[in-house]
Each structure stands twice: as C-alpha cells, then as structure tokens.
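Heads up: the structure comes next, in structure tokens.
The values are calculated or read from the model by the stated rules, or taken from the named source; none is laboratory data. Computed from a prediction, not measured in an experiment: that's the story for all the values here. So basically every Cβ, Gly included, is an ideal-geometry build from the backbone, and we count neighbours across all protein chains shown.
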Amino acid sequence: MKLNIACQLNYESQENVPLVLMLRPQSGSGQQVIEEQFLLSPNITFTEYSDIYGNLCQRIHSPIGNLTITTTALVETSDTIDVNFRANFIPVENLPAHTLIYLLPSRYCESDKFSFMAADITQNLPLGYQQVEAIRRWVRSNVVYEYGYSSSSSSACDINQSRIGVCRDFSHLCIALCRGINIPARMVVGYLYNLEPMDLHAWFEVYLENQWFTFDATQEHPKGNRVVLAYGRDASDVAFATQFGNIMLCDMQVSVTAAEIR
C-alpha cells in the first residue's frame, strides 16, 4: 500500500535553541520513499547526518519566536510483516557483531533485571520466535494502554510495576524481557496506518535466524503498513525531537492516509 504520511510540529521559544530531529523516512526494508518534503517556517537552514544506528537526523537552530516543522512523504509500504514461529534463537557467540549492542541493558530497558521474569514467561517454549511472541502477548495482556500515567522518564522497571503505559512503554518492557533471555531487541519509531488514536508510534524488533522480525504489543494481530523513522536501543536513541535548551512544543499533528490510486 502507498501511504501519505505527515507530521507538523509547532514550537515557540524565547531563545535560540539547537534541535536534533528524526522526521525524514528513508527507503529500506519494507518501505520505499517515493516523494518527500521537509519544510521549516521561517525558512532557516539545516544540516543532516546519519547517527550510529543509520538514522537520518536533521540539525537546526531554532529562531526566537515561532517555528513550524512540517514533513510529508509518499511511501510504498509492505501490507504484512514477516511471521515465522519456527525462527530459531541464535546463540550469542554466533550473532553478527552489529546486533550485540541490542543485548545490553540501556537507559529505559534494564534487561539485567528481567532474566528470571522472562524465563518464567517463556518456560517450556522453543527458543526463538515463540518466546518473543509469548512476551508480546504477556505484555499486551498485563499492561493497560492509557495516556497520562507514564512519562518520558519511565523505564521498563517502572512500567512493570505500574502496569500502565503507552506504546513506548510497551516496547521498553518487551525489549527488556527479550534481552533478558539473550535475544537482541531494538526499538523502532514511525507511523502505523489506522492507528487509534493517531500519533507517532513505537514498536520493537528482534533478531532471529539472521533477520529482524517486527512485534507490536499494542496491537492484537500482526499488522503491516508501517513507515520507519528510526531504530535504536530505546527511546533515548529514537526521539523525534531532542532539544538543547528551553523551547515549548505547542502543537503536534500526525496523519497517515492511504494514497489515492490514479
């Protein structure tokens, strides 16, 4: 399916503030960017770089006053995600070097504290995909999706205690549990078609049988039509905007619609 995606951020600042953004999708596995625009009002200059995870980042210096950031894209997406209940666990000694960082504890995914819990959730299951699916189902069944209870500083341990959170919290807990049984897991942020309520979304991927598999504990069934913006260890690596000063986000609007067939 071809999707029209859009995100608009409206800021207000009383000083010049550096910002690092991750708002421009790239062509890659499961998606092809056909058209794309990145607009700033007022029309200020920006630079770009790729971070250590391969994410495309935009650097800007906000003006004093109002700043509007608008990004739009037409993206061809996959209608499905790969599901393979026979995908096997890869022993740590055989994992590719680039996946090893996704086994380690990180700021929001304290995986060293979840080994016993993960083992209990996945007991008697074949190593690999079925373990991850059991973790995904457990989190979906035991954590309530609700705004206003978690914050940007909430970690997997916090969510495991409160059992209330949003998509990033669901992903952090799943990632910590997967890493707790030595399965590489990373966080993904982007867009999901027909997401309710519409917003930028977070899910997670795990590395099994030499490929990354997509999982989403906020959804009942596997869903495709996703547009990836960034990958990382946790939310600290994939924030759509990181500010280095006092600037206020006044409004944010996100849309994902099916492109009209011409």
Hey, GLN37 outside any loop (DSSP other than H, G, I, E, B) and either under 26 Å from ASP234 (Cβ atoms) or more than 20 Å from the chain's Cα centre (by Cα) (or both) or not: yes
Out of the residues in the stretch 70-118 meeting the condition of being part of a helix (DSSP H, G or I) and of a type in the set (A, V, I, L, M), tell me which one is surrounded by the most Cβ atoms within 10 Å (Cβ to Cβ). ALA118
Would you mind finding the one in SER141, SER152, SER236 that is small (Gly, Ala, Ser), over 21 Å from LEU56 (Cα atoms) and in contact (Cβ under 8 Å) with a residue 40 or more places away in the chain? SER152
Going by the conditions given, is TYR49 surrounded by fewer than 17 Cβ atoms within 10 Å (Cβ to Cβ), modelled with pLDDT of 95 or more and within 30 Å of MET252 (Cβ to Cβ)? yes
